[in-house]
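The values are calculated or read from the model by the stated rules, or taken from the named source; none is laboratory data. Keep in mind that this is a model prediction, so the values were computed, not measured. Cβ coordinates were reconstructed from backbone atoms using ideal geometry, including for glycine residues, and neighbour counts include every protein chain displayed. Remember, those area values only see protein heavy atoms, side chains included, never the ligands or the DNA or RNA. Shrake-Rupley method; radii C 1.70, N 1.55, O 1.52, S 1.80 Å.
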Amino acid sequence: MAGAFKGFGQKAIPFFKALDFHQSREWFQENRELFDSELHEPFCDLVETLTERFEAAKLGLRGDRKKSLFRINRDVRFAKDKRPYNRHLSAILSPDGTKMSQGVFYVHIGLERCFAGVAWWQPAPELLQAMRKAIVTTPAAFRGMVSSLKKAGLELDPEDRLKRAPRGFEDVGDEDLAQAVRNRHFVVRHDIDPATIHSPALVDDLVGFTLGAKPLLDWGRAIQGTAVAA
């Protein structure tokens with residue numbers, strides 16, 4: 001049944017451990033009811049509760065219990081690793097409620113780690129180019145965003161950063177800007193203590209993180225509005 005998020009079941013992480021050990025469709029089907037009660041339904045409730053809270057906070061992010069979650073089944077068609085199941089469950093809340101838009105909130109509950117992120121992940125070439133240009137041409141806005149993130153205890157993740165400056169940005173002199181234009185993504189992350197996932201207080205934690213990351217959303221959205229026309 002739909003409802004306010006009450007926490008993931010106490011067997012949520014143990015379920016992932018057992019699933020990872022068996023990696024069997026037969027085992028999963030036998031334990032489907034446990035998956036639904038301990039993980040899937042609570043995750044759906046989390047998405048809907050966050051949607052309500054994000055709307056109240058005017059964050060421009062929403063989700064849907066049917067569309068926002070990623071499947072626990074892995075796509076193994078072209079993978080060397082043929083294990084059929086992920087070791088985590090995750091979801092995206094976005095401006096239009098789909099997984100295809102940019103400037104999103106992501107939450108990941110898994111065997112290895114639990115975390116959330118706010119991201120402009122793999123933006124299309126025209127948007128990425130516009131972001132890089134904005135960093136160079138309006139550095140005060142970029143630095144202001146970085147400073148606001150820092151006050152919230154957040155910083156841009158350098159994952160997948162280019163080793164060299166992209167074409168057209170070779171002459172950027174300031175070190176912080178030179179590093180920034182090498183980003184392929186603009187992401188901040190927040191580690192979730194696995195012990196807290198069983199409580200409704202997880203919602204407050206995630207809302208607080210997303211409010212802290214709002215400067216990144218606002219910065220990207222301002223650029224996104226001009227990226228297509230540029």
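For this structure, a couple of remarks:
- Test for A140: is it open to solvent by 70 Å² or more (accessible area, probe 1.4 Å), hydrophobic (A, V, I, L, M, F, W, C), assigned to a helix (DSSP H, G or I) and on the phi < 0 side of the Ramachandran plot: yes
- Failed criterion for F54 (all others in (1) of a type in the set (F, W, Y); (2) more than 15 Å from the chain's Cα centre (by Cα); (3) open to solvent by less than 40 Å² (accessible area, probe 1.4 Å) hold): (2)
- Only one of the numbered conditions (1) open to solvent by less than 40 Å² (accessible area, probe 1.4 Å); (2) of a type in the set (A, V, I, L, M); (3) not in a helix (DSSP H, G or I) is violated by A4, and that is (1).
- Flag if E33 is open to solvent by 20 Å² or more (accessible area, probe 1.4 Å) and within 23 Å of F115 (Cβ to Cβ): no
- Unique residue being open to solvent by 30 Å² or more (accessible area, probe 1.4 Å), among the β-branched types (V, I, T) and more than 30 Å from F169 (Cβ to Cβ) when the list is V47, V76, V107: V76
- Contact map, region 112-132: residues that are closer than 22 Å to L46 by Cα paired with residues that are among the β-branched types (V, I, T) and part of a loop (DSSP other than H, G, I, E, B), Cβ distance under 7 Å, separation 6+ or inter-chain. Pairs shown: C114/I192; C114/I197; F115/I192; A116/I192.
- Residues located in region 79-101, provided they are over 19 Å from D45 (Cα atoms) and exposed (fewer than 13 other Cβ atoms within 10 Å of the Cβ): A79, K80, D81, K82, M100
- When region 68-80 is filtered for residues that are more than 15 Å from the chain's Cα centre (by Cα) and assigned to a loop (DSSP other than H, G, I, E, B), the ones remaining, listed by number, are R71, I72, R74, D75, V76, R77, F78, A79, K80.
- Hits in region 152-201 (condition: touching a residue at least 12 places away in the same chain (Cβ under 8 Å) and in a helix (DSSP H, G or I)): D176, L177, A178, Q179, A180, P194
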